[in-house]
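Everything on this sheet refers to the single structure shown next.
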Amino acid sequence: MADVSVFAIDRSVRVRTTAALRTAGVTWDDADHRTLTDVDTFDGRLAASGLRLTIVDGRRADLRGRGTISEALVAEALPTRAEQLPFGALRSAVTAAVGHRSLVPQLSVAGRHRFGRVIGADGAPLVQLERTASVRMDHLKADSVDVLEVHLVRGSRRVGRALIAELEAAGAQPIDGDVVDYVVRKAGRTLGGFDASPRTALEPGMASDEGFRLVLADLATVLAAMWSGVADDVDAQFLHDFRVALRRTRSIVTAGRSVLAAPEVEAARTGLGHLASSSSAARDLDVYLQRWPRYTADLTPETVADLEPLRLLLRDRAVAEHAELGKVLRSPESLAVLADWQRWLAAPHTRSGDSGHAPLDATVAQLILRSHRVLIERGRLITPESPAEQVHDLRKDTKRLRYLLECFGTLFAAAPRRRYVKRLKVLQDNLGAHQDAEVHVTQLTGFADELYTGGAGASTLLALGRLTERMDQARRAARWEFAQRFAEYDTAATTRALNDVVDSIR
């Protein structure tokens with residue numbers, strides 16, 4: 001028998017269980033109101049790691065996993081970052097699981113809480129109990145259920161086991177987990193977080209317009225889920241996932257022009273394109289700040305210290321760009337773009353494009369093969385003298401192909417898709433490294449002018465020159481490496497891998 005047994009006590013057995021507790025000699029402390037708030041990242045990284053972080057009345061943090069770690073909180077408030085937790089094992093475990101993501105409330109469970117115990121003749125506790133009565137989750141009452149935890153005490157387990165037997169005989173229902181686990185199950189909720197990856201359930205033979213609308217509706221759900229997190233600048237991952245959903249949406253809309261024919265589709269493409277351009281600067285600065293430790297890792301401590309004015313400039317500029325983006329997202333015009341798009345996707349449709357009634361599998365296969373051909377043709381045209389814009393356009397081609405494979409992923413067999421995407425990703429990573437370095441070199445030149453005008457010292461400007469040279473070296477290295485990476489992709493083996501993917505949906 002476990003050291004802790006948990007019971008749900010509903011109204012029908014409350015009298016009998018209360019009598020069993022009284023007969024066993026349980027004495028209770030005064031009741032107080034208790035609120036248990038589970039926090040996790042928006043995408044549920046703690047839950048994915050088998051952990052659950054509960055804040056008790058804003059005063060204590062309990063981390064449950066293989067065991068329980070409890071720490072008192074210095075400030076009586078919900079922590080929003082791992083670094084706000086007390087130093088120690090709890091903070092280390094949370095940090096390892098959540099990384100840079102913010103902690104957000106998942107749900108709150110409240111009720112009247114009291115401790116109880118059975119005391120032996122020598123005054124020592126034989127059994128310890130916790131009871132939460134009139135349980136509510138997020139202000140909704142959970143069927144007038146009490147949750148009782150019975151903790152066995154070493155050396156007197158026989159007494160505890162006897163009490164547990166009496167409670168079961170009285171009708172108390174044994175449950176797994178604690179009060180939060182029980183209430184979550186009763187409410188049909190989960191603690192897994194929001195998954196932004198495409199998982200649309202599709203059938204190969206469904207009409208293409210139906211399949212495209214389902215994919216686009218799921219992407220719109222992602223946009224809606226990320227909206228407030230981006231507007232409030234909760235953490236950088238919200239904007240990353242938001243922009244990925246924007247790019248996927250616009251890419252699928254463009255690919256499906258012969259599938260979906262309606263003015264609402266083009267209106268959404270234009271409106272979402274405005275959101276993409278409005279969020280670009282904030283995302284570039286987020287990436288810069290996230291990678292700052294990596295960019296400066298090989299520099300001397302003195303050089304990194306000299307670069308502090310630049311880091312502060314980046315931080316302040318990021319704050320300003322996020323504030324402007326928040327205004328854009330809160331505007332009636334932007335809110336209407338998403339609302340109108342979701343409304344159109346959910347409405348019944350009688351019109352479609354020329355390919356709207358074609359089987360989805362045939363349409364998607366044709367689009368994937370065409371995208372691959374375009375990628376190969378354009379990649380073969382790139383030489384060492386080609387402008388950076390041409391390399392960047394090829395990166396967009398790889399993304400379009402990747403989005404088709406991801407958004408319609410449930411049509412394909414998993415193994416062939418993974419094998420092909422692995423080959424594509426090597427090329428895509430190279431193109432991404434080149435584009436990031438290209439953008440950052442250009443930005444650093446502008447920041448250098450701004451810092452000089454602002455009176456930055458010579459040591460800062462010299463350090464900025466070293467950082468710019470390092471970025472430019474990375475840019476040149478990625479460009480030199482491109483020929484090899486594209487040659488590795490432009491092979492018969494890649495063609496066979498892609499054909500295996502397409503064949504798996506037929």
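All of the numbers you see were taken from the coordinates with simple rules; none came from a lab. Just so it is clear, the model here is predicted, and its values are computed rather than measured. Positions of Cβ are backbone-derived with ideal geometry, glycine not excepted, and every protein chain shown enters the neighbour counts.
In segment 347-404, what trypsin sites (Lys or Arg not before Pro) fall in a loop by DSSP, with at most 14 other Cβ atoms inside 10 Å? Walk me through the numbers before you get to the answer.
Numbers: sites: Arg351, Arg370, Arg373, Arg378, Arg380, Arg395, Lys396, Lys399, Arg400, Arg402; in loops: Arg351.
Those satisfying the criteria are Arg351.
Show me the three semi-axes of the equivalent ellipsoid for the chain, from the C-alpha gyration tensor (sqrt of 5 times each eigenvalue), largest first, rounded to whole Å. Before the final figure, lay out each step's value.
Details: eigenvalues 538, 206, 91 Å².
Square roots of five times the eigenvalues give 52, 32, 21 Å.
Taking 2.2 N^0.38 Å as the expected size of a compact globular protein, what ratio does the Cα radius of gyration of segment 78-117 give against it, to two decimals? Write out the running numbers ahead of the final one.
Working: Rg = 13.9 Å, N = 40, 2.2 N^0.38 = 8.9 Å.
Normalised Cα radius of gyration, segment 78-117: 1.55.
Where the only charges are on Cβ atoms (+1 Lys, Arg; -1 Asp, Glu), what is the dipole of the chain about its Cα centre, to the nearest 20 debye?
That gives a dipole near 1200 debye.
Using only the alpha-carbon atoms of segment 311-391, report the extent along each of the three principal axes, biggest first, to the nearest angstrom.
Taking max minus min along each principal axis of the Cα atoms, segment 311-391 gives 52, 50, 16 Å.
Over what distance in Å are the Cα centres of segment 5-27 and segment 51-107 separated?
32 Å
In cubic angstrom, how much convex hull volume per residue do the alpha carbon atoms of segment 204-358 span? Please report the intermediate quantities before stating the final value.
Working: hull volume 17.5 nm³, N = 155.
Hull volume over Cα atoms, normalised by residue count, gives 113 Å³.
Ala323: net charge of surrounding residues, Cβ under 14 Å, Lys/Arg +1, Asp/Glu -1, itself excluded?
-2
Any idea what diffusion coefficient segment 368-506 gets from Stokes-Einstein, in µm²/s, Kirkwood Rh on alpha carbon pairs, 37 °C, 0.692 mPa s?
Working: Rh = 16.8 Å.
Answer from the Stokes-Einstein relation: 195 µm²/s.
How large is the translational diffusion coefficient of segment 2-101 in µm² per second when you combine the Kirkwood radius over alpha carbon pairs with Stokes-Einstein at 20 °C and 1.002 mPa s?
Reported coefficient: 135 µm²/s.
For a quick size check, give me the Cα extents of segment 241-321 along its three principal axes, largest first, whole Å.
Computed over segment 241-321, the largest-to-smallest principal extents equal 60, 24, 13 Å.
Just how many % of Cα pairs in segment 426-506 lie over 15 Å apart, if you round to the nearest whole percent? List each step's numbers first, then the result.
Working: 2155 of 3240 pairs.
Cα-Cα pairs of segment 426-506 separated by over 15 Å account for 67 percent.
Percent relative contact order of the chain, based on C-alpha pairs within less than 8 angstrom and at least six residues apart? Walk me through the intermediate numbers first.
Values: 703 pairs, mean separation 69.1, N = 506.
Once normalised by length, the contact order is 14 percent.
Counting pairs of alpha carbon atoms under 8 Å apart in space and at least six apart in sequence, what relative contact order in percent does segment 4-186 give?
About 29 percent, as a whole number.
Ignoring the sites themselves, what is the longest stretch of the chain with no GluC sites (Glu not before Pro) in a DSSP loop and at most 12 other beta-carbon atoms within 10 Å?
Numbers: sites that count: Glu76, Glu385.
Answer - 77-384.
Under a crude label model (7 Å from the Cα following the beta-carbon direction), how far is Arg496 from His33 in nanometres?
6.9 nm
So how much slack lies between Ala48 and Glu481, counting 0.36 nm per residue of separation and subtracting their Cα-Cα distance, in nm? Don't jump to the answer; show the numbers that get you there.
Details: separation 433, 0.36 × 433 = 155.88 nm, distance 3.62 nm.
152.3 nm is the gain from fully extending Ala48 to Glu481.
Taking only Cα atoms of segment 68-178, what ratio of Rg to Rh do you get with Rh as the Kirkwood inverse-distance radius?
Values: Rg = 18.2 Å, Rh = 17.2 Å.
Computed over Cα atoms, the ratio is 1.06.
If segment 374-435 were replaced by its equivalent ellipsoid, with semi-axes equal to the square roots of 5 times the Cα gyration tensor eigenvalues, what would those be, largest first, whole Å?
Values: eigenvalues 122, 22, 19 Å².
With the √(5λ) rule applied to segment 374-435, the semi-axes are 25, 11, 10 Å.
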